[in-house]
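*Asks:* Got a structure for you, questions after.
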Amino acid sequence: MAARKRASAPQSVKEPSPKEIDKTHQIKSPVTDDPPIAPPKSGFIFKLILFFSIPYLYLIFYHYKIDLELRRSIIINAGLSLVGFFVTLRMIPVASRYVIRRNLFGYDINKRGTPQGAVKVPESLGIVVGISFLVLAIVFQYFNFTSDSNWLVEYNAALASICFMTLLGFVDDVLDVPWRVKLLLPSFAALPLLMAYAGHTTIIIPKPLIPYLGMDVLDLGWIYKLYMGLLAVFCTNSINIHAGLNGLEVGQTVVIAFAILVHNVMQIGASTDPEYKQAHAFSIYLVQPLLATSLGLLAYNWYPSSVFVGDTYTYFAGMTMAVVGILGHFSETLLIFFFPQVLNFLLSLPQLFGFIACPRHRLPRFDPQTGLLTGTNDGTLVNFFLRIFGRKTEKSLCTYLLVFQVIFLLFCFSSMQGQREKERRKNCSHSVHLYIEKT
């Protein structure tokens, strides 16, 4: 859901005269009055890349002792992802000309009444990211997987689900599918993944409940697969409805994707189980290309946006993160990373289910005189922030929302690190007591 209004087709088309037809035949190349899109915000993006790369590389090369073979695969994947970043950066202007030619453009509602509000903004540029990602992920198989690899089936099933969701997202952009249908689309796209899933279907019972249930692990069977399908539906739609500002959809994806990378590296470094390590490495192989290609898109989508990402991107990004959470066996942690999206979903429930009138665009009101946004009574986190913190510019509001996401993720990592340290001390204390008893 982008902050845009789609252009409608003209009511009638005037038949060209014979003289106009002759002039048309004299034109050797197509000419368009539409100006090219604004150049990418490269300086801002390269600062972000530097900000993400330094702590990430520190964790991989210095802080944790990661197996050389596993580290080699991660670096090869990172190199391919970097190629994907530059390909995305180069191909977006090319794709923009094609989508505008096919009338796939809109007008930025949050700039209505200003000169920028009258500019045609190409839509559905998430298709470039989706295609770049899929090509990179397929090529990476040559460097990492063998024909008898246990992970190859699940890897290809993951790519099939992501490809299916990208296609359905593009169909939604073109056909403007109703909301009720949108909620069901991810469940169809997740079918290849659910059918190929061969991992555990158990959950760990919280310690306070163990005396009452008489077990510490519960096998849910097919209910666990139902949960995975619902997770895919939630992730895709949560990115889609937490939107409406330039850079918000891609920005939240970049932040969550980086958090997933850090979480996976931490789990690999702290574990001694090869299968557990491989599950988290599998997640890294899909998230690194997602992060790199999304940064390429963010160069054009950050305020002021020169392209709209469309439902193609939000569905693609949501499904990719759902896939890595499921196959990396950290779906519960993934939901914690999505806390702002969960909060936005809870605020949206009364309107999504029709208890309160739901307008087509649940966006704040824009004042062209001041350039500030004012919150409405619509149930979104965007409007909630404006009601709490007062009127803001679109850029500052988007920054506030992304900083909120970052702060919560830092709190999550701090809590997980504290819990891990607590367990380590408990194990050390237990070992000392055993040693004393033996002596």
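The values are calculated or read from the model by the stated rules, or taken from the named source; none is laboratory data. Model, not experiment: these values are computed from the prediction. Cβ placement follows ideal geometry from the backbone for every residue including glycine, while neighbour counts extend to all protein chains displayed. What goes into the accessible areas is simple: the full protein's heavy atoms, side chains included, and nothing from ligands, DNA or RNA. Shrake-Rupley method; radii C 1.70, N 1.55, O 1.52, S 1.80 Å.
*Asks:* Check Asn237 against each of (1) in a loop (DSSP other than H, G, I, E, B); (2) within 15 Å of the chain's Cα centre (by Cα) and name the one condition it does not meet.
*Replies:* Among (1) in a loop (DSSP other than H, G, I, E, B); (2) within 15 Å of the chain's Cα centre (by Cα), the lone unmet condition for Asn237 is (1).
*Asks:* For the subset of the stretch 295-316 comprising residues that are among the small types (Gly, Ala, Ser) and assigned to a helix (DSSP H, G or I), which member is farthest from Ala78 (Cα to Cα)?
*Replies:* Gly310
So that you can scan it fast, the table gives a plain yes or no per residue for (1) closer than 21 Å to Gln278 by Cβ; (2) open to solvent by 20 Å² or more (accessible area, probe 1.4 Å); (3) at pLDDT below 90:
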| site | (1), (2), (3) |
| --- | --- |
| Gly126 | no, no, no |
| Phe140 | yes, no, no |
| Ser147 | yes, yes, yes |
| Asn150 | yes, yes, yes |
| Phe164 | no, yes, no |
| Leu168 | no, yes, no |
| Asp173 | no, no, no |
| Pro178 | no, yes, yes |
| Ala190 | no, no, no |
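*Asks:* Tell me the residue from Arg102, Arg90 that is without any contact (Cβ under 8 Å) to a residue 24 or more places away in the chain and within 15 Å of Ser294 (Cα to Cα), please. Working first, answer last.
*Replies:* Details: Arg102 fails: within 15 Å of Ser294 (Cα to Cα).
Result: Arg90 is the single residue among Arg102, Arg90 that is without any contact (Cβ under 8 Å) to a residue 24 or more places away in the chain and within 15 Å of Ser294 (Cα to Cα).
*Asks:* Can you pull out the residues in the stretch 108-143 that are in contact with a Leu (Cβ under 7 Å, 6 or more places away or on another chain) and of a type in the set (Asp, Glu)?
*Replies:* Glu123
*Asks:* Restricting the stretch 73-124 to residues that are charged (D, E, K, R) and surrounded by fewer than 20 Cβ atoms within 10 Å (Cβ to Cβ), which is modelled with the highest pLDDT?
*Replies:* My answer is Arg90.
*Asks:* Please specify each residue of the stretch 378-392 satisfying the condition of being part of a loop (DSSP other than H, G, I, E, B) and either surrounded by fewer than 16 Cβ atoms within 10 Å (Cβ to Cβ) or over 24 Å from the mean Cα position of the chain (by Cα) (or both).
*Replies:* Passing the criteria: Gly390, Arg391.
*Asks:* Something else now. With the checklist (1) part of a loop (DSSP other than H, G, I, E, B); (2) hydrophobic (A, V, I, L, M, F, W, C); (3) exposed (fewer than 15 other Cβ atoms within 10 Å of the Cβ) in hand, flag the one item Leu245 doesn't pass.
*Replies:* With (1) part of a loop (DSSP other than H, G, I, E, B); (2) hydrophobic (A, V, I, L, M, F, W, C); (3) exposed (fewer than 15 other Cβ atoms within 10 Å of the Cβ) applied to Leu245, the lone miss is (3).
Yes/no matrix, rows are residues, columns are (1) in contact with an Asp or Glu (Cβ under 6 Å, 6 or more places away or on another chain); (2) crowded, with 24+ Cβ neighbours inside 10 Å; (3) closer than 26 Å to Phe140 by Cα:
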residue: Trp222; (1), (2), (3): no, no, no
residue: Lys225; (1), (2), (3): no, no, no
residue: Thr236; (1), (2), (3): no, yes, yes
residue: Glu249; (1), (2), (3): no, yes, no
residue: Val262; (1), (2), (3): no, no, yes
residue: Phe282; (1), (2), (3): no, no, yes
residue: Pro289; (1), (2), (3): no, yes, yes
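*Asks:* Could you list, in sequence order, the residues of the stretch 211-229 that are hydroxyl-bearing (Ser, Thr, Tyr) and over 26 Å from Leu191 (Cα atoms)? Outline the logic, then answer.
*Replies:* Step one: filter the stretch 211-229 for residues hydroxyl-bearing (Ser, Thr, Tyr), giving 212, 224, 227.
Answer for the stretch 211-229, where residues must be hydroxyl-bearing (Ser, Thr, Tyr) and over 26 Å from Leu191 (Cα atoms): just Tyr212.
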